[in-house]
Number of protein chains: 2
Amino acid sequence: MRGRAGSDVAAEALQLLAADRASLAVAESLTGGLVAAALTSVPGASRTFRGSVTAYATELKREVLGVNAALLDARGAVDPLVAEEMAQGVRVRLGAMWGLATTGVAGPEPQDGNPVGTVFTAVAGPRGTKVTSLHLDGDRAAIREATVAAALELLVDALQEARKHSS
Amino acid sequence: MRGRAGSDVAAEALQLLAADRASLAVAESLTGGLVAAALTSVPGASRTFRGSVTAYATELKREVLGVNAALLDARGAVDPLVAEEMAQGVRVRLGAMWGLATTGVAGPEPQDGNPVGTVFTAVAGPRGTKVTSLHLDGDRAAIREATVAAALELLVDALQEARKHSS
């Protein structure tokens with residue numbers, strides 16, 4: 001991670017999306033709305049940001065985002081494949097070109113055997129899906145903020161990579 | 001409004017929900033994830049907070065939350081009845097006892113003929129739906145923060161009112 005604030009990365013992501021006439025949808029678990037809030041803090045976000053789902057209850061990951069039920073039963077909500085399916089699901093269900101997702105353990109308690117700070121972020125786009133695994137330090141607020149920045153950096157990297165392939 | 005920070009009101013709302021063994025879902029427009037973020041900043045929020053939908057694109061208010069299409073066509077997204085239907089829709093679709101919603105104009109530009117600072121918040125519960133109309137001053141960030149606090153105060157008032165009727 002490059003250590004930039006989430007709001008700065010959000011502005012860069014929105015600029016790249018607007019330049020590509022692309023759209024974005026977000027699926028959040030441990031960040032609980034903070035990724036969407038960072039994006040919508042930027043005036044004009046509505047040009048490219050369609051919306052988000054905070055699927056805090058595990059069954060909403062299945063019911064609202066379409067994450068595979070057997071996967072959730074077998075692996076729990078904190079899993080790289082769950083992050084990928086959240087990004088793919090919100091992309092399709094909210095009708096966006098790009099989907100971005102977060103899942104992990106913000107604390108203070110471990111979850112499903114995963115220690116606090118275990119985090120997965122995923123981005124789904126026209127050419128496929130990419131997931132990153134993070135092990136973050138700090139308290140609940142710090143872990144949530146670092147996840148927001150990491151997810152938005154993952155999106156920026158994917159948008160820049162897509163531009164290289166299309167140019 | 002009593003001027004409390006959103007995070008303080010969020011903690012009180014979650015305490016009241018937990019004491020009633022109740023659950024909550026949130027539908028956001030201008031606040032763009034901030035109401036959900038305030039609630040999930042509190043450790044243990046997952047006991048009562050099921051999740052949220054940020055329906056930033058107007059058509060997602062119809063497609064994801066079930067707001068009436070003719071109402072949206074006739075009145076636009078910034079309307080008290082739209083706020084009511086967002087609260088009712090997210091309550092049903094995310095399977096919660098209570099639904100809370102925000103819609104309005106954070107700026108910097110007016111929307112659908114409504115000046116910056118025009119805001120509606122609604123709460124839907126087992127005994128019906130209540131909506132409040134606000135005219136807020138300040139910049140985009142201030143209007144969004146004041147809306148978060150007002151929405152959560154509306155929820156706290158509704159939870160306290162429901163307790164009077166059940167006791």
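Below are the figures for this structure:
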{"item": "Centroid-to-centroid separation of the stretch A:62-108 and the stretch A:4-53 [C-alpha atoms, Å]", "result": "18 Å"}
{"item": "Positive-end extreme of charge dipole, chain A - chosen from A:A74, A:S23, A:I143 (charges on Cβ)", "result": "A:S23"}
{"item": "Average other protein chain Cβ within 10 Å of Cβ, residues B:43-51", "result": "5"}
{"item": "For chain B, the longest site-free run once trypsin sites (Lys or Arg not before Pro) in DSSP loop states with at most 10 other Cβ atoms within 10 Å are removed", "result": "B:22-167"}
{"item": "Gyration tensor verdict on the protein assembly as shown (Cα atoms; rounded if a/c is under 1.5, prolate if a/b is larger than b/c, oblate otherwise)", "result": "oblate"}
{"item": "Helix-only CD estimate at 222 nm, as mean residue ellipticity for the protein assembly as shown, using -39500 (n - 2.57) per DSSP H run (n ≥ 4)", "result": "-14000 deg cm²/dmol"}
{"item": "Average Cα contact separation per residue, chain B, under 8 Å, 6 or more apart, as relative contact order %", "result": "25 percent"}
{"item": "Packing-based exposure ordering (other Cβ within 10 Å, fewest first) of A:L100, A:L134", "result": "A:L134, A:L100"}
{"item": "Global form of the stretch B:77-167, assessed from the alpha-carbon gyration tensor, a/c cut-off 1.5", "result": "prolate"}
{"item": "Across A:K130/B:K61; A:K164/B:K61; A:K61/B:K61; A:K130/A:K164, pairs whose alpha-carbon gap is larger than 26 Å", "result": "A:K130/B:K61; A:K164/B:K61"}
{"item": "Extension gain from B:A142 to B:R75, taking 0.36 nm per residue of separation minus the Cα-Cα distance", "result": "21.6 nm"}
{"item": "Tilt relative to chain A, helix A:80-93 - C-alpha long axis, 0 to 90 degrees, to 10", "result": "50 degrees"}
{"item": "Cα-based equivalent ellipsoid of the stretch A:1-106: semi-axis lengths in Å, sorted from largest, via gyration tensor", "result": "25, 15, 11"}
{"item": "Cα-centred dipole magnitude for the stretch A:6-166, charges only on beta-carbon of K, R (+1) and D, E (-1), debye, nearest 20", "result": "660 debye"}
{"item": "FRET E, pair B:Q160, A:A5, Förster distance 45 Å, beta-carbon r, rounded to 0.05", "result": "0.75"}
{"item": "Most positive-pole-ward Cα, A:A57, A:G117, A:V9, against dipole of the protein assembly as shown from beta carbon charges", "result": "A:A57"}
{"item": "Degrees, to the nearest 10: A:6-19 long Cα axis against longest axis of chain A", "result": "50 degrees"}
{"item": "Residue order, fewest to most surrounding Cβ atoms within 10 angstrom, among A:T54, A:T132", "result": "A:T132, A:T54"}
{"item": "Net charge dipole size for the protein assembly as shown [Lys, Arg +1 and Asp, Glu -1 on Cβ; Debye, nearest 20]", "result": "400 debye"}
{"item": "Antiparallel DSSP beta bridges within the stretch B:6-166, as percent of all bridges there, nearest 5", "result": "60 percent"}
{"item": "Candidates A:A38, A:A18, A:A124, ranked by Gaussian network fluctuation over chain A, Cα under 10 Å, top entry", "result": "A:A18"}
{"item": "Cα-based helix-to-principal-axis angle, A:140-166 vs chain A, degrees rounded to 10", "result": "40 degrees"}
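No lab work stands behind these numbers, since they all come straight from the coordinates. Keep in mind it's a predicted model, so treat the numbers as computed, not measured. In this analysis, Cβ positions are derived from the backbone assuming ideal geometry, glycine residues included, and neighbour counts consider all displayed protein chains.
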